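Trainee: Here it is: the structure, laid out below.
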Amino acid sequence: MILPYLFIADSFNKGRGVFTSENISAGTIIEISPVIVMSKKERVMLDQTLLHDYIFEWGKKKNQCCLALGYVSVYNHSYQSNCEYEMDYDEELISIKTMRYIKAGEELSINYNGDWDNKKTLWFDTK
């Protein structure tokens, strides 16, 4: 499920991103997408490809990874993200929920650390 007013567009200095054409209230689930779960061995191979930037750690022990379908892998990172993702390991789903009111035209972002307000420096910011 992806709300019909979400769309993909160019994001300044970030490639593509997910945007909204309508205002969205805080606490709204805007997407629920299935994932393709892969093993630790497959993760090693994926880390050698461009897909490394689009996969998520997966499982309670974080010993697997997954590729989310839908728009999930296109949300850009922000340390002050306006959305949060939640993983459902049993159903193999990732859902995206807004954390505050979002205006039409605004880019939707998630924090790649897992928690929407986590300030821990990520691998691509250490260069």
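The values are calculated or read from the model by the stated rules, or taken from the named source; none is laboratory data. Since the structure is predicted, the reported quantities are computational estimates derived from the model, not experimental observations. As a convention, Cβ positions derive from the backbone with ideal geometry for all residues, glycine included, and neighbour counts pool all protein chains shown. SASA here: full protein model, heavy atoms, side chains in, ligands and nucleic acids out. Shrake-Rupley method; radii C 1.70, N 1.55, O 1.52, S 1.80 Å.
Trainee: Take the residues in region 45-60 that are loosely packed, with under 11 Cβ neighbours inside 10 Å and over 17 Å from Tyr112 (Cα atoms), then tell me which one is nearest to the chain's Cα centre (by Cα).
Mentor: Ranking the qualifying residues of region 45-60, first place goes to Thr49.
Trainee: What is the number of the single condition among (1) in contact (Cβ under 8 Å) with a residue 40 or more places away in the chain; (2) open to solvent by 60 Å² or more (accessible area, probe 1.4 Å) that Leu69 does not meet?
Mentor: Of (1) in contact (Cβ under 8 Å) with a residue 40 or more places away in the chain; (2) open to solvent by 60 Å² or more (accessible area, probe 1.4 Å), only one is false for Leu69: (1).
Trainee: Which residue out of Ile29, Ile36 is more than 20 Å from Glu106 (Cα to Cα) and open to solvent by 30 Å² or more (accessible area, probe 1.4 Å)?
Mentor: Ile36
Trainee: Right, next: Give the residue that is nearest to Leu69 (Cα to Cα), with candidates limited to residues of region 9-48 that are free of Cβ contacts under 8 Å to residues at least 24 places away in the same chain and in a loop (DSSP other than H, G, I, E, B).
Mentor: Asp47
Trainee: If you don't mind, another one. Which pairs do you get when a residue that is at pLDDT 90 or above and open to solvent by less than 40 Å² (accessible area, probe 1.4 Å), found in region 98-117, comes within reach of a residue that is of a type in the set (Val, Ile, Thr) and assigned to a loop (DSSP other than H, G, I, E, B), reach meaning Cβ atoms under 8 angstrom, with the pair 6+ apart or on two chains?
Mentor: Matching pairs, first to second residue: Thr98/Thr28.
Trainee: Would you mind telling me which numbered condition in (1) among the aromatic types (Phe, Trp, Tyr); (2) modelled with pLDDT of 95 or more; (3) exposed (fewer than 13 other Cβ atoms within 10 Å of the Cβ) Tyr89 fails?
Mentor: Every listed condition holds for Tyr89 apart from (3).
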